[in-house]
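Written out below as structure tokens is the structure these notes cover.
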Amino acid sequence: MMRRWLGLVALLLAVAAVWLLRSADEGSPRLTPAVLVQAPGDARERGEYLARAGNCMHCHTQRGGAAYAGGRAMETPFGTVYTSNLTPDADTGIGRWSADDFWQALHQGRSKDGHWLLPAFPYGNFTAVSRADADALYAFLRTVAGVSQANRPHALAWPFDSQWALGLWRGLFFRAQEFSPDANRSAQWNRGAYLVQGLGHCSACHSQRNALGASADASALGGGMIAIQDWYAPSLLSLPRTGAPSDAEETVQLLQTGVSERAAVSGPMADVVRHSTQYLWPSDLRAMVGYLQDLAPAQVASRPIGNAVKPDPGANPSGANLYKEHCASCHGDAGQGVPRAYPALAGSGGVNLWSPVNLIQIVLHGGFAPVTSANPRPFGMPPFALSLSDHEIATVLSFVRSAWGNRAPEVTAHDVDRLRGHGQKQ
């Protein structure tokens, strides 16, 4: 028993040592070259644009509440986190914060009073943001309407509500490190990497998380389940496998409008397009897509698309009949879809994902593309949770995932049953 306690003490001391060594690097941040600060106009205008890139308002605004006043509940495996008030109210917001305080929060994950912030605020990504961009964000937030709304205490299970546990977590999984451009790459490539790894915080969803909630580094985008929501964020190391088109311009269109000639976004990604990417310049979206496309040859997606052998569609006549009855009128007899209205199912990367959870969620709870300025009245798909049984949903999805050249594993009634009642969390 004594040996176990000694071993535990030794482990804690080792973790503390790692944290102290890393903390020593958190002062004197390195300035990012100005090539990364591209938004024109004054600091406030740049900050408003960058806030869109970071999707800040969506997280820091509760439904029906004032913009940036916080209070939004974020469900995690460790309890509920409530986002903070970012308005310039002096007593409950960041009205008494300096630009240095704000930079400290983004770059080091520390609040004004020095306490560590929970990593539900993705400072593991935001640490990459340049000081100039952080100052622009601060300048913008100083101009939004001040709202007196006290921050709500988090509801986390012990020990995840303690600073000492968070200190250990940071020692293991966090290091403040501003983005460093690759001198061997173009300015466009570096801009894309900066946005994807930093404000875009794409790895917050598109990477696996361990038992302590830590994701891989900001450049690891191999896909992963989104905790609590039960959606799968696919690997970004091969864009066509995500359901995004292989053509870069069509992918840019998808991120701008929510739909393209063959695809549409749904689920949590629809929120990202609605609140963030539709507002980004095409040049920045092209930079992000170009960076992601460049990653594909050097890295391998975390899971295969599906089976190596194409299943026989004729082996599932029940699925074919269900498809004809419920799906063909929109998606076409051959799964060809309708451009910019109903996504194609034949050859779709989203259909061929190894995990069927996104398809099950859409069939159960409906599929809705985001409302965007370029597509203000998007087409949607109704929910079938009340009209189709678990077995019927599994049968029709198994048909879709094996027809028209698709090659993906079958769906079981157990897969569907597990997701009933787990609709998209807003």
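Values in this text are rule-based calculations from the coordinates and carry no lab data. Quantities reported herein were computed from a predicted structural model and do not represent experimental measurements. Ideal geometry is used to build each Cβ from the backbone, glycine not excepted, and the neighbour counts take in all protein chains shown.
Please sort 70-82, 132-144 by packing, taking for each peptide the average over its residues of neighbouring beta carbons within 10 angstrom, highest first.
Numbers: 70-82: 17.0, 132-144: 21.4.
Order by mean packing, descending: 132-144, 70-82.
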Task: Compactness of region 52-126 as Cα Rg over 2.2 N^0.38 Å, two decimals - done: 1.07
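Set the Förster radius R0 to 22 Å, insert the Cβ-Cβ distance between A155 and A211 as r into 1/(1 + (r/R0)^6), and round the FRET efficiency to 0.05.
Values: r = 20 Å, r/R0 = 0.92.
It comes out at approximately 0.60.
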Task: Under the Debye formula (equal points on every Cα, no solvent term), log10 I(q)/I(0) of region 34-173 at q = 0.19 Å⁻¹ - done: -1.19
- [ ] Quick one: give the max-minus-min coordinate of the C-alpha atoms of region 187-295 along each principal axis, largest first, in Å.
- [x] 37, 30, 24
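Over all alpha-carbon pairs in region 313-378, figure out the percentage whose distance exceeds 16 Å.
Numbers: 1241 of 2145 pairs.
Of the Cα pairs, 58 percent sit more than 16 Å apart.
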Open item on the list: Output needed for region 104-207: three equivalent-ellipsoid semi-axes, defined as square roots of 5 times the C-alpha gyration tensor eigenvalues, in descending order, whole Å.
Closed with: 27, 20, 12
Open item on the list: Quick check on packing: order 319-331, 197-209 by the mean number of other C-beta atoms within 10 Å, highest mean leading.
Closed with: 197-209, 319-331
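Set the Förster radius R0 to 60 Å, insert the Cβ-Cβ distance between L386 and S111 as r into 1/(1 + (r/R0)^6), and round the FRET efficiency to 0.05. Walk me through the numbers before you get to the answer.
On the way: r = 46 Å, r/R0 = 0.77.
Calculated transfer efficiency: 0.85.
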